[in-house]
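S.K.: Okay, handing you the structure first.
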Amino acid sequence: MAAPTSPHSPHYPIDETHDPKLESWVESANDPGTDFPIQNLPLCMIAAPVEDEPDAMSVHPAVRIGDMVLVLDMLAHFEIVDGSADEWQWLFVEDLAEQGLTGRVRKIVQDLLKKDNATLRDHPDCDQIVVPVDEVSLGVPLMDLGDYTDFYASLYHATSVGSMFRPDNPLLPNYKHIPIGYHGRASSIVASGTDVRRPVGQQAPTEDGGAPSFGPCKLLDYELEMGVVVGRGNELGDTIPIGEAETHMLGLCLVNDWSARDLQKWEYQPLGPFLAKSFATTVSPYIVTMEALAPFRTPAFKRDAGDPSPLPYLTSEGNTSGGGFDITLEVYLSSEQMRSKKMEPVRISRGNFKDMYWTLAQMLTHHSSNGCNMQPGDLLASGTVSGKTKDSRGCLLELTWNGDAFASPPKLVPGTDRTPIDLPTGEQRKFLADGDEVIIKGYCEREGFRRIGFGECRGIITPARTI
């Protein structure tokens, strides 16, 4: 490798595991278009049938490689690596707190998967250790995801949404000083591929002085987000310094924080999101580790000259020079009619995670700054990832809005507030309809390195329950 360390991340160096020349004996991992080359090796949890017990399933930690998964505890079961199967079974459930754990596992697994290493490839039980991904079920990426906090870290998203409701003052005074977030509902986090039922709730009166209504959400939306999984926590009363924040991170995943905009409009004041957000949050099945992401780091978002500098507890040289991530994010939409006609999903937006105003390290440090005890397995989501251009807006609330939040002053097309998205069937969407499937994808590319990806985060909207 040309550079032994990353110029941007002091904690996760670029090393021999990122060598673009590395190939695997799993041939599908060598496809230039795969999300899962040997340089990636994201973590996941799989469920597989128990032998001789057709109705039983066992859960195992694994890594994805090409179109296969390597079952980590099976490496120990067949004595290919040191330790017991139980130790490896619980590796990413009980032992997340050990700093550097994923880096060591990454090197062990990558070495076993290298094209010229016959140890695992020629092992008589290899087919029980490395199995086709189509033969297992993928769930949430950890046995037990912990608490869930959602942030609001995109300046472009906050400006667009603020301009809809406060065109003369789109950003509240605190926005550029503090990473804004709210405590989400961990119990309603669901795995990619899980259907999402349209929520029911209270909606604002249609006229001044009228009574609110109660019924199915009419303005259902998705939110394109990234999530970071905490790998190492802090004791209650302690904090996580900004310079150490990344050592507390296990890796990143895709998140769709489904949102009921009409419920949200009625309930969000004075305490913020509640039932408009807690009915479902979908996460992708893979955690792309911090080690795998080392080549794709970028400087933190460059603030305008007139913006305030972050307070000292939110500032470090390492975060400024490399706190961002260059991750291309795409959203695809497929209606029920499109699927019945075997049409491909249509891409409706493309953005990049490097456009976030606040970094993940700043979010984690701020979250713990009052002594809040973060725990292994906690999920922090970024909030909607939006860019400055219309095609990079990260939700339908922004995407179909006929406004320019970045004009001076913000502008709204007279006489109209929304332009629907046209689908190839002739259907149109301002918000999501029953039967719509939203698919989020993410990937990293940089010259001199292998492309790596995050897989997919998808869900289909099903009708609301009968009232």
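S.K.: Taking only C-alpha pairs under 8 Å that are 6+ residues apart, what is the relative contact order of the range 16-138 in percent? Present the calculation step by step, with values, prior to reporting the outcome.
M.R.: Numbers: 182 pairs, mean separation 34.7, N = 123.
About 28 percent, as a whole number.
S.K.: Here's a follow-up. Using the Cα atoms as the points, what is the convex hull volume per residue of the chain in Å³? Don't skip to the end; give the middle numbers.
M.R.: Details: hull volume 78.3 nm³, N = 467.
Convex hull of Cα atoms, per residue: 168 Å³.
S.K.: Just to compare against my own numbers: the Cα pair-distance distribution for the range 387-467, 10 Å bins, whole % per bin, please.
M.R.: Computed distribution, short to long bins: 14, 33, 30, 20, 4, 0.
S.K.: From the phi of every residue in the range 313-330, what ³J(HN,Hα) in whole Hz does the Karplus formula 6.51 cos²θ - 1.76 cosθ + 1.60 yield, where θ is phi - 60° and glycine or proline is x?
M.R.: Once rounded to whole Hz, the list reads 5, 9, 10, 8, 4, x, 5, 5, 7, x, x, x, 10, 8, 10, 6, 10, 10.
S.K.: So how do Glu225, Glu53 line up by other beta-carbon neighbours within 10 Å, fewest first?
M.R.: Numbers: Glu225 29, Glu53 9.
The order, fewest Cβ neighbours first, is Glu53, Glu225.
S.K.: Sort Lys176, Lys441 by Cβ crowding within 10 Å, fewest neighbours at the top. Present the calculation step by step, with values, prior to reporting the outcome.
M.R.: Working: Lys176 18, Lys441 21.
The order, fewest Cβ neighbours first, is Lys176, Lys441.
S.K.: Next up: Can you list residues whose amide H is under 5 Å from Met374's amide H, if they're 5+ apart or on another chain and H is modeled 1.01 Å from N?
M.R.: Amide H to amide H, under 5 Å and 5 or more residues apart or across chains, Met374 pairs with Asn234.
S.K.: Tell me the chymotrypsin sites (Phe, Trp or Tyr not before Pro) within the range 368-467 that lie in a loop according to DSSP and have at most 16 other beta-carbon atoms within 10 Å.
M.R.: Working: sites: Trp401, Phe406, Phe431, Tyr443, Phe449, Phe454; in loops: Phe406, Phe431, Phe449.
Hits after loop and neighbour filter: Phe406.
S.K.: Let me ask something else. Quote the relative contact order of the chain in percent (integer), defining contacts as alpha-carbon pairs under 8 Å separated by 6+ residues.
M.R.: Working: 1085 pairs, mean separation 98.0, N = 467.
With pairs under 8 Å counted, the relative contact order is 21 percent.
Read-outs throughout are calculated quantities, based only on the coordinates presented, and are distinct from any laboratory measurement. The shown structure was predicted, so the numbers you read here are calculated from the model rather than taken from an experiment. As a convention, Cβ positions derive from the backbone with ideal geometry for all residues, glycine included, and neighbour counts pool all protein chains shown.
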